[in-house]
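All of the numbers you see were taken from the coordinates with simple rules; none came from a lab. All values derive from a computational prediction rather than experimental measurement. Virtual Cβ from ideal backbone geometry, glycine too; neighbours counted across all protein chains shown.
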Amino acid sequence: MVKVLFVCLGNICRSPLAEGIFQYQLKQAGLENKIAAASAGTSGWHIGERPDPRSIEVAKENGIDLDSFGRKAVSEDFEEFDYIIAMDQSNYAHLNALPGSTIKGAAKLYLMRDFDEKGKGQDVPDPYYGGDDGFKKVFTMLDRSCRNLLEEIKEHHLR
Ligand code: 4NP
C-alpha cells in the first residue's frame, strides 16, 4: 500500500478536500486497494472536527463526500506515510522541523503544487478567511494537482 498524507494548517479546509478529491480519483482508477490517503493539520486547533462546511459544500457539488475528522500531524507520520504533501510553504517548514522528519523524511516531503503544472511550487492559498469562490479555486487547483500526483505514484510504485 502506498500511503499519502495531505497537510495544511487547520485540517478543516484544504487538506480534507485534497484527501476527498484524491480518494475519489483513486476509486475512479480502481486503485483504492493500492493507494491510501489521509490528512492532518500542523496546528491542533480543530482536532476531532469535521471539515469546514464550505469544503464539504464544494466537494458535494463535485460528487465527493468528505468523511475526515481533524487531527494533528506528528513525527510518526514520517514512518507511516510514503508521501507527505504540504499545502503551503509554512506547512512545509513546520513539517520539516518535526523531530522524525530528518530520519527518513526529507525525501517524502512535497508541496502540493509541486504537482500542479499551472503554478508549480506555489502555495495552495488558505481559503479560511475568504468567500466561497476561494474554495472553488482551491478545489480546481487540488483536483489538478491530485491527478498529477496520482500519475507520479503510478509511475514510481505501480509498474
Ligand atoms: P486550513 O485552513 O489550513 O486549510 O484547514 C484553516 C482553517 C482554520 C484556521 C486557519 C486556516 N484557523 O485559524 O482556525
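The table below lists the values:
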quantity: Overall Cα dimensions of the chain - principal axes, largest extent first, Å; calculated: 39, 34, 30
quantity: Centroid-to-centroid separation of the range 31-50 and the range 115-144 [C-alpha atoms, Å]; calculated: 18
quantity: Listed pairs LYS3/LYS154; LYS34/LYS137; LYS34/LYS136 exceeding 23 Å between Cα atoms; calculated: LYS34/LYS137; LYS34/LYS136
quantity: The range 1-72: proportion of alpha-carbon pairs further apart than 13 angstrom, %; calculated: 60
quantity: LEU158-GLU57 pseudo-label distance in nm [points 7 Å out on the Cα-to-Cβ vector]; calculated: 3.3
quantity: Whole-Å semi-axes of the range 118-159's equivalent ellipsoid (Cα gyration tensor); calculated: 27, 10, 7
quantity: Ranking of MET1, MET141, MET112, MET87 by count of other Cβ atoms within 10 Å, fewest first; calculated: MET1, MET141, MET112, MET87
quantity: Percent of C-alpha pairs per 5 Å bin, the range 72-121, short to long; calculated: 5, 23, 32, 22, 11, 5, 1
